[in-house]
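Only one structure is covered here, and it is reproduced in the block below.
The values are calculated or read from the model by the stated rules, or taken from the named source; none is laboratory data. None of the values given here were measured: they were computed from a predicted structure. So basically every Cβ, Gly included, is an ideal-geometry build from the backbone, and we count neighbours across all protein chains shown.
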Amino acid sequence: MTATLDSPPAQTPDGQPDYDRYRSLSGLAVGSLIVGFLSLLSIFSVSLLPLAVVGVGFGLFTIRTVDRNRDLVTGRKVAITGTVLSALALVLSPSRYYYEEYVNIPEGYEVMAFGSLQPDLGNTAVVPEKAWKYDGKRVLINGYVYPHDQKEGLNRFVLVPDFDTCCFGGQPKLTDMIEVRLRDPLRVNWSYNRRKIGGTLTINKHLHQMKDLTGVYYEIDADYVK
């Protein structure tokens, strides 16, 4: 039977007017869901964690907006789903980071940070005294593979401390670079992912020359990579 202007609105199974079919899906709700899914990427890269923070705030804003305009739009459940996904990423991302940084550590290595390799303020020595205690020791350090002409099957590369140093700007500072030589059969491919490198650290008193770079003071003969 064809509906007319005088026909009653469609009804739900329980006999209530079904106004949802006359309302459009909120674009904000769809956006919240998309941001929620993208936020899950922060579980694998903590640098994307701000996206999860934005996702939670945006999702809560969207839920309130849909509630205020419920006569015009739908999408509350969609917005809630996006918000929950962002909140989930907000919890899991730092949890995974903490596990990888402080719990999932192979035996036989001393954890070292790039901060230990930086000169003290006002000290003219390029290699600080605090760095020399690691010389000749088996260390474990996290960093990013510096871009190289060769992208796959690398057994020799430069490790830098952060994503910005890795992928933006010119040559990193001398104390922000470690030349890594992987023992056979270890190899890595260049990517935006953070790497965990383990091996014996050697500190050079004089700058060790490298192709396309000024040189390095720090080298690691690596037998572990993740």
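Listed values, structure above:
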quantity: Matching residues, the range 3-27, being surrounded by 13 or more Cβ atoms within 10 Å (Cβ to Cβ) and either of a type in the set (Ser, Thr, Tyr) or at pLDDT 95 or above (or both); calculated: TYR19, SER26
quantity: Flag for VAL91 being assigned by TED's automatic domain parsing to the domain that holds GLY36, in contact with a helix residue (DSSP H, G or I) (Cβ under 6 Å, 6 or more places away or on another chain) and outside any loop (DSSP other than H, G, I, E, B); calculated: no
quantity: Scope the range 98-132; condition in contact with a helix residue (DSSP H, G or I) (Cβ under 6 Å, 6 or more places away or on another chain) and either modelled with pLDDT under 90 or of a type outside the set (Gly, Ala, Ser) (or both); matching residues; calculated: LEU117, GLN118, LYS130
